[in-house]
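Below you'll find the structure, written out as structure tokens, and then a few comments.
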Amino acid sequence: MSSQIFSQHVRHRFGRQAHHYNSHAKLQRAIAWRLARHCLSLPLPLGPWADLGAGSGLVGQALNAIQEATAQAKTNPSLLQVDFCPELLACNPIAKVQGALLWDLNAGLPRELPQPALLTSSFALQWLDDPIQQLELWCSALRPRGWLALAVPTAGSFPQWHQAAAAAHVPFTGLALPSAQGLIAAARRHLQVHTCQPLRFSQPCSNGLTFLRDVRQLGASASRQKPLHPNQLRRLLWHWPAGGTVGWEVLLLVGQRLTP
């Protein structure tokens with residue numbers, strides 16, 4: 001599947017579920033709050049801010065909520081909401097106030113972001129064609145002493161799904177996620193890394209069918225792999241391990257661009 005076709009595929013899947021995204025994005029919301037707390041403690045230089053793959057605006061909403069709860073003065077620049085899905089941006093309250101840009105991040109960063117002082121991104125980098133290459137572009141685009149605050153699911157996620165696929169002798173049809181080690185190495189070529197946490201979470205899930213339905217309802221079901229045939233799907237679900245949870249591995253990384 002070509003880059004352009006897959007990008008449109010991702011856009012369509014999220015767009016179709018845009019109005020339901022926030023009700024299903026519990027882990028994404030929790031991670032957005034973690035990123036926001038890190039951002040508000042950073043010694044940021046002057047310059048534009050942007051949230052890459054902003055979607056429904058969870059990071060920007062967390063930033064605003066924390067500032068309001070702690071009575072911090074809102075002197076920071078607007079957090080430009082950059083995303084390729086117009087339906088998600090239409091559901092994004094931050095976009096309506098702080099600005100939005102419809103942009104496919106596979107094309108790099110837009111011209112509207114010259115030397116950003118802060119780039120945030122949560123649960124977006126994994127959808128790009130070459131996450132490690134794009135991460136390097138983001139890091140190198142920062143102005144000197146600018147910051148990147150990133151959260152991305154990585155290759156250790158969904159061990160139950162991988163285990164079931166192997167036992168059932170069917171392909172794993174989920175999105176191929178980047179390795180945490182590769183992302184960390186790429187970031188360290190450009191940034192002084194201040195926070196680097198590979199986080200592991202277990203989400204309640206009664207069975208494989210429930211998990212796959214949850215992924216679809218979130219809009220996160222795009223894949224470069226062909227879907228399973230019905231008999232393959234039945235075998236996958238039969239071999240899905242008991243335990244009532246599905247595991248996520250999420251890399252949380254915050255770093256500052258090295259001075260030239």
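The values are calculated or read from the model by the stated rules, or taken from the named source; none is laboratory data. Computed from a prediction, not measured in an experiment: that's the story for all the values here. A quick note on method: Cβ atoms are made from the backbone with ideal geometry, for glycine too, and the neighbour counts reach across all protein chains shown. Only protein heavy atoms, including side chains, enter the accessible area calculation; ligands, DNA and RNA are left aside. Shrake-Rupley method; radii C 1.70, N 1.55, O 1.52, S 1.80 Å.
Annotations
- Only helices enter the 222 nm calculation for the chain: every DSSP H run of n ≥ 4 contributes -39,500 (n - 2.57), and dividing by all residues gives -11500 deg cm²/dmol, rounded to 500.
- Amide H within-cut-off set for His194, under 5 Å, with H built and near neighbours excluded: Val254, Gly255, Gln256
- From the coordinates shown, Kirkwood radius over Cα pairs in Å corresponds to which of [x] 20.5; [y] 20.0; [z] 18.9: [z]
- Cα gyration tensor shape for region 159-239, rounded if a/c is under 1.5, else prolate or oblate: prolate
- Taking other residues whose beta carbon is less than 12 angstrom from the beta carbon of Leu44, and scoring Lys, Arg as +1 and Asp, Glu as -1, yields +3.
- Computed 3J(HN,Hα) for region 80-90, one whole-Hz value per residue from the Karplus formula 6.51 cos²θ - 1.76 cosθ + 1.60 where θ = phi - 60°, is 4, 9, 10, 7, 9, 10, x, 5, 5, 4, 5, glycine and proline marked x.
- Against the chain, whose longest principal axis comes from its Cα atoms, helix 26-39 is set at around 20 degrees.
- Other residues with beta-carbon under 14 Å from the beta-carbon of His19 carry, at +1 per Lys or Arg and -1 per Asp or Glu, a net charge of +1.
- Within-15-Å neighbourhood charge of Val170 [Cβ basis; K, R +1; D, E -1]: +3
- Per-residue Karplus couplings for region 195-203, computed as 6.51 cos²θ - 1.76 cosθ + 1.60 with θ equal to phi - 60°, are listed in order as 9, 8, 10, x, 9, 10, 10, 10, 9 Hz, Gly and Pro entered as x.
- Using alpha-carbon coordinates, inclination of helix 3-16 to the longest axis of the chain, degrees: 90 degrees
- In the chain, the DSSP beta bridges split such that about 55 percent are antiparallel, to the nearest 5.
- Gap separating the Cα centres of region 28-50 and region 123-156, nearest whole Å: 14 Å
- For region 47-112, the extents of the C-alpha atoms along the principal axes are 38, 26, 15 Å, listed from largest to smallest.
- Across region 114-131, computed HN-Hα scalar couplings (Karplus, 6.51 cos²θ - 1.76 cosθ + 1.60, θ = phi - 60°) run x, 6, x, 8, 9, 10, 10, 7, 9, 6, 10, 4, 5, 7, 7, 4, 10, x Hz from first to last residue, x flagging Gly and Pro.
- With Cα atoms, 0 to 90° folded angle of helix 58-69 axis to the chain main axis: 50 degrees
- Remark: region 47-132 carries 39 Å² of accessible area per residue (probe radius 1.4 Å; ligands, DNA and RNA excluded).
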